[in-house]
Amino acid sequence: MNLFISHAVTKLYQPPLVNGWIPFLGEALSFKKDASKFLLSQQRKHGDVFTVHVAGRYVTFIMDPFQYTYVIRNSRQLEFHEFADAMASRTFDYPRVSNGNFPNLKEDLHKIYQLLQGKPLDILSDHMMENLQGIFEWKFSQATDWETEKMYKFCCSVIFEASFITLYGRDPDADGHKVISEIRDKFTKFDASFPYLAANIPIELLGATKEIRKELIHNFFPNNMRKWLGGSEVIQARKDTLEKYELLGDYDKAAHHFAFLWASVGNTIPATFWAMYYLLRHPEALAAVRDEIDHLLQSTGQKKGPGCNIHLTREQLDNLAYLESALNESLRMCSSSMNIRIAQEDFILKLEGNQEVSLRKGDWIALYPQILHMDPEVYEDPKEYKFDRYIENGKKKTAFYKKGRKLKYFLMPFGSGISMCPGRFLAMNEMKLFLILSLARFDIELVEEKQVGLDKGRMGLGILLPDSDIAFHYKLRSL
C-alpha cells in the first residue's frame, strides 16, 4: 500500500497508518464492535485522512464531508462495480459478471435499472399499492379488536410478500401466501448469515446456510418462474437479458434473480421497521404524519379505514412532507453504509485545500456517512429522533451546514455516485405506502415500553437491524 498526502508546496508524507496489533485482522475487531466510535477516535488522533488495516486490507478513510465530492466524482479512476461484483458473486453464488465470459452483461443489466424510474416506477408503485392493500385485507380485515404482534415480524411479513408478488408475480394454482411464507422463512435464515458472507467467511463454515441458499435459488429456476403470473417489467427484462448468455446455466440465472430479491428487501424490511417504530414511540410525530395522510385522502375524495381502496400518484406521495421527513430521519439514525471505491490505476486524488492523495492501482478509499449523520454540528441533538428535522417553513429542508458552509451531501442512506442504490425510489415509495395504509386503516400502539437498539452486526453494510423485536397492537380504525 503506497498512500501519500501532499500540500501544494510541502513535501509528500504518508497518511497515518492504523495497523492494529493482531496479525492479519489488524483493527477489524475494533471496527466491527463499533465502527463510528473507532473511526471518530482515529480522526481525533490523525485528522481527516488516515489508513486502517482491516482484515488484510488497507483502507483509507476520508472523514471530511466536504471532501466526499472529490471521491464521488472520480468514477472512472475510483470504481465500485468490480468490488460489488466480487462480493455478490461470492454471496449469491453466480459467476462474476465482469469476467471475460460475459461481455456486455454488466452494461445490459445496468440499463434495466431505468425501469425503476419515471413511468415504469409509477406502474411498479401502483402495483405495489394494490398488492399491499390485498395483503392488508387478507391478513387484517377481521381485526375489530386489538391484535398483538411483534413489529419486525409484522413488517417482514408484509414487505416481503408485497415485494415478491409485485416483482415476480405469483402462481395462480398454488396457495401463494403459504409458498411466499416458506420462501420468506428461508430468506430470513440466509439473511442472518449475510454479514459473514460479505466478510468473505466461507459458506461451509456457516452451518446450513449453503443448503438454504441452494433451496432459495431453486425457486427461481425457469420451470418455476414460468408458473408465476403478473410479474414486473424489470424482472422480465432481466430474464430476457440473462437468456442471451448461453454460458449462464439455469442455476446461474436463478442465482441472479435471488440476488435481485435480496437487494429489493434486505434493507427495505429493517428500514420499514425503524420508520414505524420511531413513529409509534413519538406520539407527536404519529399525530402529525397521520393528520397529513388523512388530509390528503380527504382532499382527493378517498376514504380511510378498512375496505377502502386508496390510490395515490407519485406527485401526491412526494408532497407528503412530514411523512418523508419522518422516513428520512429514521434512515439517518439506522443506516450504516460504507461507500467503497477501488483505484483502477495509479493517480493523484486531489482534495480541497491543496491536499493530494497518491493512490496506486488496487488501493481502497472509503466514506462512512454515518459519522456525518450523527455529527452534532450538522444535526442538533443527533441521537434524538426529530420527525420534522427535514422540514423548514412547511417545505422540505435541503440546506444543512458544517463550519458555516452548506453541505452538498448531508443524508446518504442509499450510497453515493456510482454505488447509489438503483432501487431507492421504489424502496421509498414502498415504505411510504406501507405507512399510509397502516395509519389510514388501523389504530396502532406500542405494547412494550422498552427501547430497541441497533444491532451493530451489519456496520458498513446498509440498514442496521434491531437488536430485539417489540410487541405492538392494532385494530381497525374507528372512523
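Derivation of every value follows stated rules applied to the coordinates shown; laboratory data play no part. Keep in mind that this is a model prediction, so the values were computed, not measured. Counting neighbours? That spans all protein chains shown, and the Cβs are built from the backbone with ideal geometry, glycine included.
Summary table below
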{"read-out": "Contour excess over end-to-end distance, with Cα ends at HIS81 and GLU315 and 0.36 nm allotted per residue", "value": "81.0 nm"}
{"read-out": "Over 18 Å [Cα-Cα, region 426-479], rounded percent", "value": "56"}
{"read-out": "Dmax and Rg, reported as Rg then Dmax, of region 102-141 (C-alpha, Å)", "value": "15.7, 51"}
{"read-out": "Selection of chymotrypsin sites (Phe, Trp or Tyr not before Pro), region 113-193, meeting DSSP coil and at most 15 other Cβ within 10 Å", "value": "TRP146"}
{"read-out": "5 angstrom amide H check on GLY20, placed H, neighbours 5+ away", "value": "none"}
{"read-out": "Extension gain (nm, one decimal) between CYS308 and ASP122, 0.36 nm per residue minus Cα-Cα", "value": "64.9 nm"}
{"read-out": "Quarter of the Cα convex hull surface for region 61-177, i.e. its orientation-mean projected area (nm²)", "value": "13.0"}
{"read-out": "Region 419-479 and region 273-342: distance between their alpha carbon centers, rounded to Å", "value": "10"}
{"read-out": "Karplus-derived 3J(HN,Hα), 6.51/-1.76/1.60, for each residue of region 266-271, Hz, glycine and proline x", "value": "x, 9, 5, 4, x, 5"}
{"read-out": "Phi to ³J(HN,Hα) by Karplus 6.51 cos²θ - 1.76 cosθ + 1.60 over region 177-192, Hz, x for Gly, Pro", "value": "4, 5, 4, 5, 4, 5, 5, 4, 4, 5, 4, 4, 5, 4, 4, 5"}
{"read-out": "Estimated inter-spin distance, ALA192 and LYS106, nm [label 7 Å along Cα→Cβ]", "value": "3.5"}
{"read-out": "Lysines whose Cα lies under 26 Å from that of LYS402, excluding same-chain neighbours fewer than 8 positions away", "value": "LYS37, LYS45, LYS350, LYS383, LYS386"}
{"read-out": "Equivalent ellipsoid dimensions for region 301-407 as semi-axes, Å, which come from the Cα gyration tensor, largest first", "value": "39, 19, 13"}
{"read-out": "Contact order relative to length of the chain, as percent, for alpha carbon pairs under 8 angstrom and 6 or more apart", "value": "24"}
{"read-out": "Extended-chain gain in nm, criterion 0.36 nm per residue less alpha-carbon gap, ILE22 and ASN393", "value": "128.3 nm"}
{"read-out": "Tail weight of P(r) past 23 Å, computed on alpha-carbon pairs of region 338-465, percent", "value": "53"}
{"read-out": "Fraction of alpha-carbon pairs over 39 Å apart in the chain - percent", "value": "25"}
{"read-out": "Selection from SER157, THR272, ASN101, by position along the positive dipole direction of region 64-476 (Cβ)", "value": "ASN101"}
{"read-out": "Peptides 397-409, 76-88, 50-62 ordered by average Cβ neighbours within 10 Å, highest first", "value": "50-62, 76-88, 397-409"}
{"read-out": "Neighbour-limited loop hits for GluC sites (Glu not before Pro), region 325-434 (at most 13 other Cβ within 10 Å; DSSP other than H, G, I, E, B)", "value": "GLU345, GLU377, GLU380, GLU384"}
{"read-out": "Nearest-ten-degree value, helix 283-299 long axis tilted from longest Cα axis of the chain", "value": "60"}
{"read-out": "Radius of gyration and maximum dimension Dmax of region 167-260, Cα, Å", "value": "14.2, 40"}
{"read-out": "Calculated [θ] (222 nm, deg cm²/dmol) that DSSP helices of n ≥ 4 give over the chain, each run adding -39,500 (n - 2.57)", "value": "-14000 deg cm²/dmol"}
{"read-out": "Helix 321-334 axis, angle to the chain major axis (alpha carbon atoms, nearest 10°)", "value": "50"}
